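Comments concern the structure below.
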Amino acid sequence: MLCDHCRQRPATMVISQQIDGKQVKVYLCETCANENEAYMIQNNPFEQFMGGVFNQKKPHSKDQIKCNNCGMTIDEFRKNSKIGCSNCYYVFEGYLSPIFKQIHGSTRHTGKRPIKYNAELLKINQINNLKIALQEAIEVENYEQAAILRDEIKAVQKSERIVGD
Amino acid sequence: MKWYEKENETYHGIIISSRIRLARNLRKYNFPSKLSDDDSIKVIDIISDAIASASDHAVSLFEKIDMQNISQIDKIAMMERHIISPIFIRDKIPSALILSKDESLSIMINEEDHIRIQSMEIGMNLYTALANAYHVDDLLEEKLDVAFDPSLGYLTACPTNVGTGMRASYMIHLPALETTGKLRFLLDAIGKFGLTVRGMHGEGSDAQGSLFQISNQITLGVTDEEIIDNLTSVTKQIIEQELVVRNKLIDEKRLEFEDAVYRSYGILKHVRILPSKEAMTLLSDIKLGLELGIIKTAEEKKINIFDLMTCIQPANLQKLQHKELNIEDRDIARATFIRENLPDLIE
Ligand SMILES: [Zn+2]
Ligand SMILES: [Zn+2]
């Protein structure tokens, strides 16, 4: 049986824990058991795995950044591996990015988007197309057409921003 | 009819169910670990109002359950029926559940994220489950400012969910593979595909009744469809292996296997005291025996073993009995319940 933590070395010890009245067993190799005592104290094996990932870097107390919205610090994140708010994602971007890479092997979303964002994207494309048309109109000195296009661009830009602040 | 009471014919009953879970948050509120009680209540109101005013009539009629108003037993019973997660039982902040009539769709409000949409289907039906989850997701996105970043995707409380915020899983029954000892080897290899396998209630490595849950671990840089296709193709390979071992059992050890199934049936039909783990193992044998045609029930007395497995879980058993039971009393009630509900066999 492989170690539940590193999934590489054979497990040599088993730790039994009581979670919600249920007995849960965690299998560990000696290295992982020694390296990460926190692993045994916390009770969710998966969160512990995460804790292990985050604990690899020792905290530098001098560059203690804090989220200006929810107040989360890096130390706090290292401890419970939960992000405090959507603003944290931007405040701790440099710290989180390597973690995303480590967990997912990627740092860029390619999946579903809210329909609103598709509308926003559509708007940006629409403006770009109008700008190209405007440039062409100016080049052929069709100022009447250029004026119409300029108004159209303004109208699209003015249309309510749907997303974000 | 609840979703799990429907008939399940796909893949010889090896795939019990398909589940999609979407994690979403509101942009303007702190995530649950940093959410005040006042804001928690506001979040519940915002989300449940969005559902109640949904343009879809069926969705607008979903039932809202205030988690603070129901007993611990009711919560655990819901967890045993896979409606809510284990985390949701230990509510630290005000939380609520929105539930469809057939229990196939649920929205946990203020679990680890503000919104956890869950969609369940019987058998191998992840795409149906996804479509149903998307339906609710789109309704909510239309009305709410959901935390989404164009390059990071859906922003979630745990970095393991960021991106699609989607967890897809199959619940699978692998009794034959488990007895051969091949299973652990197979499950260890699954990590390479960005997948993970857990026991029945999603915690720990011990599986009761040979029931496992296989799900994706990666949510960033992949689409929901890619996740489902990868999960499905690996799961199909596991099913293939399970079928190989099952056929071998029938071909090479038919008598021993027949004996084992009848023995399990005999115990279930006659004992007076039945601990949960033993009951699950025995029922797992019966499920396998029925699927392989070793034993048969009369056509009009078809039995849903998975449903029975859910009914004999501690909290559900107490709800059926309408009273609190200690462990000893539960083991007795469980034996009685199974005796009464296990149909007679025909030769
Ligand atoms: Zn290890
Ligand atoms: Zn924050």
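The residue that is farthest from the chain's Cα centre (by Cα), counting only those in the stretch B:137-161 that are under 18 Å from B:Glu225 (Cβ atoms) and within 7 Å of chain A (Cβ to nearest Cβ), is B:Gly153. Checked against (1) within 19 Å of A:His109 (Cα to Cα); (2) hydrophobic (A, V, I, L, M, F, W, C); (3) at the interface with chain A (Cβ under 10 Å from one of its Cβ atoms); (4) in a helix (DSSP H, G or I), B:Ile228 meets all criteria but (3). Scanning the stretch B:49-77 for residues that are more than 14 Å from every other protein chain (Cβ to nearest Cβ), small (Gly, Ala, Ser) and surrounded by fewer than 18 Cβ atoms within 10 Å (Cβ to Cβ) returns B:Ala52, B:Ser53, B:Ala58, B:Ser60, B:Ser71. Taking helices (runs of 4 or more DSSP H) as the structural unit, those lying wholly within the stretch A:1-101 and holding at least 2 residues that are at pLDDT 60 or above and either away from ligand 2 (no atom under 16 Å from the Cβ) or more than 27 Å from B:Asp39 (Cα to Cα) (or both) correspond to A:30-35.
Contact annotation: residue pairs with Cβ atoms under 6 Å, 6 or more positions apart or on different chains, pairing a residue in the stretch B:40-55 that is without any contact (Cβ under 8 Å) to a residue 24 or more places away in the chain with a partner that is in a helix (DSSP H, G or I) and not aromatic (Phe, Trp, Tyr), are B:Ala52/B:Ser60. Residue count for the stretch A:67-82, restricted to those that are touching a Ser or Thr at 6+ places or on another chain (Cβ under 6 Å) and acidic (Asp, Glu): 0. Looking across the stretch B:264-278, the residues that are part of a helix (DSSP H, G or I) and of a type outside the set (Ser, Thr, Tyr) come down to B:Gly266, B:Ile267, B:Leu268, B:Lys269, B:His270, B:Lys277, B:Glu278. Taking first residues from the stretch A:69-93 that are without any contact (Cβ under 8 Å) to a residue 40 or more places away in the chain and among the charged types (D, E, K, R) and partners that are part of a helix (DSSP H, G or I) and more than 16 Å from ligand 1 (Cβ to nearest atom), the Cβ contacts under 7 Å between residues at least 6 apart in sequence or on separate chains come to A:Arg78/A:Phe54; A:Lys82/B:Ser33.
When the stretch A:97-141 is limited to residues that are closer than 30 Å to A:Lys154 by Cβ and of a type in the set (S, T, N, Q), the one that is farthest from the other protein chains (Cβ to nearest Cβ) turns out to be A:Gln135.
The values are calculated or read from the model by the stated rules, or taken from the named source; none is laboratory data. The structure displayed is predicted, hence computed values, not measured ones. No Cβ is skipped: glycine too gets one built from the backbone with ideal geometry, and neighbour counts run over all protein chains shown.
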